[in-house]
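A short worksheet on the structure shown next.
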Amino acid sequence: MKLLINLCAQDGIVSHNSGVGTIVKRYIELFDKIFSSKKIDYHLNLFTPEYNKDGFGYSQSTYDKNKNIHHTIKMFSNGTDGKKFFGNIENWQIISKNIADEINKIDFSRYDKVITILNDCTFNDVLYLVPFKGNHIKVLIPHSTALLSGLDKNTDKNTQERFVWEQDAFNYINNNVNCYVCATGNFVRQHLVDEYNCKNDKVMDLNNWEIIGKENKYEENDEMIRLFSDIKDSDELIMSFGRPEEYKNLTATMDLGKELNIKTVILTQEYFKGMEIINKYKIKAKETNAILYINAPFAYSFYILNHFSGNIILVIPSKKEMVGLIINEVRKMNKNNILIVANNIQSFKDQIDDKKDGLIVDVDDIKNSAIKIKKFFNTKEINTMNNNSQKRLKNNFDLRKNIDVFLKQILGDIYE
């Protein structure tokens, strides 16, 4: 079989600054392993926005890793001259057209199957701009949606526009052959069906899990060592990290740390200077005596988790989340000094069995959350939960098994 995959992604091809970038890199790695083991004649076109090498998120190491005899990396304009990697719907329309023009140049008759995978709704217009061909399969993977942005589609203009942009794409998939949407978790599947009216038989499952048996490696540098000197001698830590978005709810961890009287560490990356939410974080950090790292090296959070010798409460306080990668990324570290605590939302409850392999708390109720955490924040309980986590990680969160099932659904009998 001769196979071509067009993999479109904002992040994970020549940049790395998000969880989507992490999962895209895993897709690329596992496609290589699977197709090589099955001796499938394949090629990956890796399509991404153009980036300035000194721009936010650009990663030379990610680019170098993705260079491969089986890969073609191409960057396309989104109308910002590389200044904005995400942009708005106007930018998404531009890059979608540019990528569609490139795909339409391909001689599809040279391949048994062509799969175009669109990571996020940035690339929705590719669905419409590439005409139907019998051996071409289009797959949209929405790693987030407008309705999970924490804003109200009925009152917020930008959210309303994005919702319409997404709904049009899902309607197209519902009504056209060889088109599918992928759910990255159980909660996501239900969200797409309930909130966007996706047809069940058009939703495939490609859960955003881990490559089991492979250590997650994170770059370490002198800047991390310097920053770590602020906290390395502490007995205990409570920490959170994430993008500066309201729904990430990082201020809840600062309040929890104050209630628990434990040194609090928060890490985030600003999109641009003067972000209002960053100023909010600074005020809250001062009120709660938390340590706030802004624009620390991307992997500094994992440096802390790897090197801190005392016990750590790792809080994932998001109000909404499609799928949180952090829970299983930390489980893979197999550390007996990290208590994983997540907010009481469905996507986290899909990953954590409360009091068995982590804690589920209502972070809006700081006092009761703190009481529950105190009960389980000891070496014996953390060790027991970590042992249970290792079993569940291996049995339930294997990305390669997910991708095998996905490819079998897409390719049918020709995928042996």
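Observations on the model:
- Looking across the stretch 248-282, the residues that are of a type in the set (A, V, I, L, M, F, W, C) and over 23 Å from Ser234 (Cα atoms) come down to Phe272, Met275, Ile277, Ile278.
- Screening Val405 against (1) modelled with pLDDT under 95; (2) surrounded by 15 or more Cβ atoms within 10 Å (Cβ to Cβ) leaves a single unmet condition, (2).
- Exclusive hit being assigned by TED's automatic domain parsing to the domain that holds Met239, surrounded by fewer than 20 Cβ atoms within 10 Å (Cβ to Cβ) and touching a strand residue (DSSP E or B) at 6+ places or on another chain (Cβ under 6 Å), set Asp354, Asp364, Asp350: Asp354
- Within the stretch 78-90, the set of residues being more than 21 Å from the chain's Cα centre (by Cα) and not acidic (Asp, Glu) comprises Asn78, Gly79, Thr80, Gly82, Lys83.
- Taking residues in the stretch 60-72 that are under 15 Å from Gln10 (Cα atoms), and partners anywhere that are assigned to a loop (DSSP other than H, G, I, E, B), the pairs with Cβ atoms closer than 6 Å and at least 6 places apart or on different chains are Thr62/His16; Tyr63/Val14; Asn66/Ile13.
- Verdict on Arg226 being of a type in the set (Lys, Arg) and touching an Asp or Glu at 6+ places or on another chain (Cβ under 8 Å): no
- Ile212 fulfils the conditions (1) aliphatic (A, V, I, L, M); (2) more than 17 Å from Arg400 (Cβ to Cβ); (3) modelled with pLDDT under 95; (4) touching a strand residue (DSSP E or B) at 6+ places or on another chain (Cβ under 7 Å) except for a single criterion, (2).
- Where helices (runs of 4 or more DSSP H) fall entirely within the stretch 326-413, none has at least 2 residues that are hydroxyl-bearing (Ser, Thr, Tyr) and without any contact (Cβ under 8 Å) to a residue 12 or more places away in the chain.
- In the stretch 56-78, of all residues being crowded, with 17+ Cβ neighbours inside 10 Å and small (Gly, Ala, Ser), the one that is modelled with the highest pLDDT corresponds to Ser59.
- Test: residue in the stretch 247-263 that is touching a residue at least 12 places away in the same chain (Cβ under 8 Å) and closer than 30 Å to Ile403 by Cα: yes
- Any hit, the stretch 159-179, residues being touching a Pro at 6+ places or on another chain (Cβ under 6 Å) and surrounded by 17 or more Cβ atoms within 10 Å (Cβ to Cβ): no
- For the stretch 45-99, filtering for residues that are within 29 Å of Glu220 (Cβ to Cβ) and outside any helix (DSSP H, G or I) leaves 20.
The values are calculated or read from the model by the stated rules, or taken from the named source; none is laboratory data. Quick caveat, the model's predicted, so the values are computed rather than measured. Please note: Cβ atoms are built from the backbone with ideal geometry, for glycine as well, and neighbour counts cover all protein chains shown.
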